[in-house]
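Engineer: First, the structure itself, so that you have it in front of you.
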Amino acid sequence: MKKAFSVLLTMSVLLAGCAAKEEPVEEPVQEPAEEPAEEPAQEPEAAPEVPEELCGTWYEQIAGRGRLTITRSEDGTASAAIDWASSAFETNHWVMETLNYSPETATLDYTGGRLTRIKEGEEEVVYLDGAGSFDITEDALVWHDGYAEVPGDTVTFVREAGVGIPNPWTETDDIEEAEAIAGVVIHGPDYPPRELELVGYMAMPGTFSETFTNGTDTLVIRKSTVAQGQELSGDFNEYSTSWTQSIKGLSVECRGDGKTLNEGIFHVDDEYWALLFNPGEEGNGLTPDELNTIINCMQ
């Protein structure tokens, strides 16, 4: 009897243990993870403002036929416009709506440049996608543009009272008016090389200047009784070579690459002459034969 009771007690304990094991274990409640707080959006860095001292009017250094105007808005952005008289009947007008200033590279660059050509009262849009830049130097802005429409590979602009163009010049298409202002008579070549054509005159008391172009090359001839050397030529570019070329008894002081001339200076008694061809474009100057032809035609 005791043995049977022990067996029953043991079975009861085992059954109770099994029942306890079958009860489900409650899983701990997982708290939702907190999402990281959003960082405030950073404002884009403002573009550097175009310096005030670059704004205003600049003039093409050699012949003075091109004028650059930079205008700054209240927000510090700036636009540019260039007017260039190719001849008495044709003017080119460039517009660069936005100039981007880089203090690190000392440049103003642009895209979306627009060129309009006005010829005999008719306007023609030449392109709308011009791109280029202006190098900022101590006293000039040097223009680089991606289109061949620009006169030469680069164009240097200076302030009206800066280096380059003696002032006050008067521009005219009338040779008699120019000679009356200058008090100097000049007879340029009737048949200059490379199909160059006369496009106009500039004069100031004591100095006469005439400009020829074929759309790519530019020839400037100046004569003066009051100025000489670089003061007369206005060409302050640096060239690798200087030499003297003798033509009809004249000693012409030449600068260029040693084979072609960009600047030539000479004098006859008290009259001083300067001859410029694609100034600043070393290697793209006049050959000795072309120089000889021009000077022989001028005398």
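Engineer: Per residue, how much accessible area does the range 207-254 have with a 1.4 Å probe, in Å²?
Structural biologist: Numbers: 2070 Å² over 48 residues.
Dividing the accessible area of the range 207-254 by its residue count gives 43 Å².
Engineer: How much net charge surrounds Glu52 when only the other residues with a Cβ under 13 Å from the Cβ of Glu52 are counted, with Lys and Arg +1 and Asp and Glu -1? Could you put the intermediate results ahead of the total?
Structural biologist: Details: positive: Arg72; negative: Glu49, Glu53, Glu74.
Residues close to Glu52 contribute a combined charge of -2.
Engineer: Show me 95-103, 211-219 ranked by packing, highest mean number of other Cβ atoms within 10 Å first. Could the numbers behind the result be given before it?
Structural biologist: Details: 95-103: 16.8, 211-219: 20.0.
Ranked from most to least packed, the peptides come out as 211-219, 95-103.
The values are calculated or read from the model by the stated rules, or taken from the named source; none is laboratory data. Not measured: the values here are computed from a predicted model. Glycine also receives a Cβ, built like all others from the backbone with ideal geometry; neighbour counts cover every protein chain displayed. Remember, those area values only see protein heavy atoms, side chains included, never the ligands or the DNA or RNA. Shrake-Rupley method; radii C 1.70, N 1.55, O 1.52, S 1.80 Å.
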